[in-house]
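Reading through the structure tokens given below for one structure.
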Amino acid sequence: MAETIFSTKATAAGGREGHVKSDNEVVDVNLQMPDKNGIPKDASNPEQLFASGYSACFDGALNLMASKADKDIESETTAEVSLIKDPEDNGFKLGVTLHVHIKGVNQEEAEELAHKAHGFCPYSKATKGNIDVNLEVHSE
């Protein structure tokens, strides 16, 4: 097995209508399924938590790729995570669109950096072949 850099934990109780807390208690949130009005202001859901982690990880990978290419950029990554009905088993699956905004490079360079980041990001590696991930890249 490869060298572990670090490990962390979060514990959920009550599933999608319960509560989740990280081992250091920074993440300490109630969970609730969105209703017709959207996501409640006082609760989160697994997709929102996944979107938070994926966007942070991808943006970090993007900045690393820019640094290695000697590009001075400013970036913002929004992970839009969708819960989708899965027609294969009548269950559910995830889909992700990464909205990547990069300042300091042209569109072609922005797309190249984003694709390199997608190949490097641990979240992208974990989802590869498991869920559809679309990249929407915009340079400014």
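Laboratory data are not the source of any read-out in this text; all were calculated from the coordinates shown. Just so it is clear, the structure is predicted and the values come from calculations on it, not from any experiment. Glycine gets a Cβ as well: all are built from the backbone with ideal geometry, and neighbour counts include every protein chain shown.
Details
- Scanning the stretch 34-77 for residues that are in contact with an Asp or Glu (Cβ under 6 Å, 6 or more places away or on another chain) and assigned to a loop (DSSP other than H, G, I, E, B) yields no hits at all.
- The stretch 82-107 residues that are within 15 Å of residue 45 (Cα to Cα), paired with ones that are of a type in the set (Phe, Trp, Tyr) and surrounded by fewer than 15 Cβ atoms within 10 Å (Cβ to Cβ) (beta carbon under 7 Å, 6 or more apart): 83/92; 84/92
- Filtering the stretch 116-140 to residues that are closer than 13 Å to residue 77 by Cα and surrounded by 13 or more Cβ atoms within 10 Å (Cβ to Cβ) leaves 117, 118, 121, 135, 137, 138, 139.
- Test result for residue 75, more than 22 Å from residue 130 (Cα to Cα), surrounded by 16 or more Cβ atoms within 10 Å (Cβ to Cβ) and of a type in the set (S, T, N, Q): yes
- The one condition in (1) out of contact with any His (no Cβ under 6 Å at 6 or more places or on another chain); (2) of a type outside the set (A, V, I, L, M); (3) not in a strand (DSSP E or B) that residue 82 fails to fulfil: (3)
- Only one of the numbered conditions (1) hydroxyl-bearing (Ser, Thr, Tyr); (2) within 30 Å of residue 22 (Cβ to Cβ); (3) without any contact (Cβ under 8 Å) to a residue 40 or more places away in the chain is not met by residue 139, and that is (2).
- Any hit, the stretch 125-134, residues being touching a residue at least 24 places away in the same chain (Cβ under 8 Å), within 29 Å of residue 11 (Cβ to Cβ), assigned to a helix (DSSP H, G or I) and out of contact with any Leu (no Cβ under 7 Å at 6 or more places or on another chain): yes
- The residues on offer are 51, 61, 66, and the sole one that is more than 30 Å from residue 15 (Cβ to Cβ), surrounded by 15 or more Cβ atoms within 10 Å (Cβ to Cβ) and under 14 Å from the mean Cα position of the chain (by Cα) is 61.
- Entry remark, the stretch 1-48: residues being surrounded by 14 or more Cβ atoms within 10 Å (Cβ to Cβ), of a type in the set (Asp, Glu) and farther than 27 Å from residue 75 by Cα number 0 in total.
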